[in-house]
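Written below as structure tokens is the structure these notes are about.
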Amino acid sequence: MTRTDDMPTAWDERTQLTTFLDYARDTVRVKCADLSDADARKAPLPGSPLMTPSGLISHLRWVEYYWFRVVFLGEEDEGPWTDDDPDREMRIAVDLPLARLLDEYAEHAEEHRVLVAGQDLDARARRPSSGGRHVDLRWILLHLIEETARHNGHLDVLRELIDGRTGV
């Protein structure tokens, strides 16, 4: 399985940002290649029982939803989390097939690609972030690149602990 090239097709800021986000998203998919549903549900780090490949994919899907839909567009938050279970998106993922999680992640990424293409990078979020600031779309893209790349590192570790596979 190959991933999208991280070299942008143009040198404008939007193309560079969206290329790196797409590359990080594709890396998630590549790191999960040939992983069984049973292995995707494993949490090999004793101190992190929610840290499963399935949980990370669900988390990334819902993080994008939150930043693009809830914060940027100001839509109502219909994410799976609750006040009593703020990490529920990671917990419910172990009940879903890995292919479904990856498909949903890809579908929502495509919706967000379209959303981003139609907005100015300087456009401010309708809702404030947890720090009370109205971030711009540029910041959201940078944050999602960082978030996805960081969790790709987690997937590296999990994959090696689960089945010994490295270098993906």
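The values are calculated or read from the model by the stated rules, or taken from the named source; none is laboratory data. All figures in this text were calculated on a predicted structure; none of them were measured in a lab. Every residue, glycine among them, receives a Cβ derived from its backbone with ideal geometry; neighbour counts consider all protein chains shown. We work out accessible area using only protein heavy atoms, side chains counted, and drop any ligands, DNA or RNA first. Shrake-Rupley method; radii C 1.70, N 1.55, O 1.52, S 1.80 Å.
Structure notes:
- Within the stretch 42-57, the set of residues being buried (at least 19 other Cβ atoms within 10 Å of the Cβ) and not aliphatic (A, V, I, L, M) comprises 52, 53, 54, 55.
- Qualifying residue in the stretch 123-130 (condition: assigned to a helix (DSSP H, G or I) and not β-branched (Val, Ile, Thr)): no
- Flag for residue 60 being in contact with a strand residue (DSSP E or B) (Cβ under 9 Å, 6 or more places away or on another chain), under 14 Å from residue 21 (Cα atoms) and open to solvent by less than 20 Å² (accessible area, probe 1.4 Å): no
- Looking only at the stretch 133-168, residues that are assigned to a helix (DSSP H, G or I) and touching a residue at least 40 places away in the same chain (Cβ under 8 Å) come to 22 in all.
- Residue within the stretch 120-132 that is touching a strand residue (DSSP E or B) at 6+ places or on another chain (Cβ under 7 Å) and open to solvent by 70 Å² or more (accessible area, probe 1.4 Å) present: yes
- Scanning the stretch 136-151 for residues being open to solvent by 20 Å² or more (accessible area, probe 1.4 Å) and farther than 17 Å from residue 16 by Cβ gives a total of 1.
- Among helices (runs of 4 or more DSSP H) entirely within the stretch 1-112, having at least 2 residues that are touching a residue at least 40 places away in the same chain (Cβ under 8 Å) and in contact with a Leu (Cβ under 6 Å, 6 or more places away or on another chain) singles out 13-31, 37-40, 53-65.
- Residue 101 modelled with pLDDT of 95 or more, of a type in the set (A, V, I, L, M, F, W, C) and touching a helix residue (DSSP H, G or I) at 6+ places or on another chain (Cβ under 7 Å): yes
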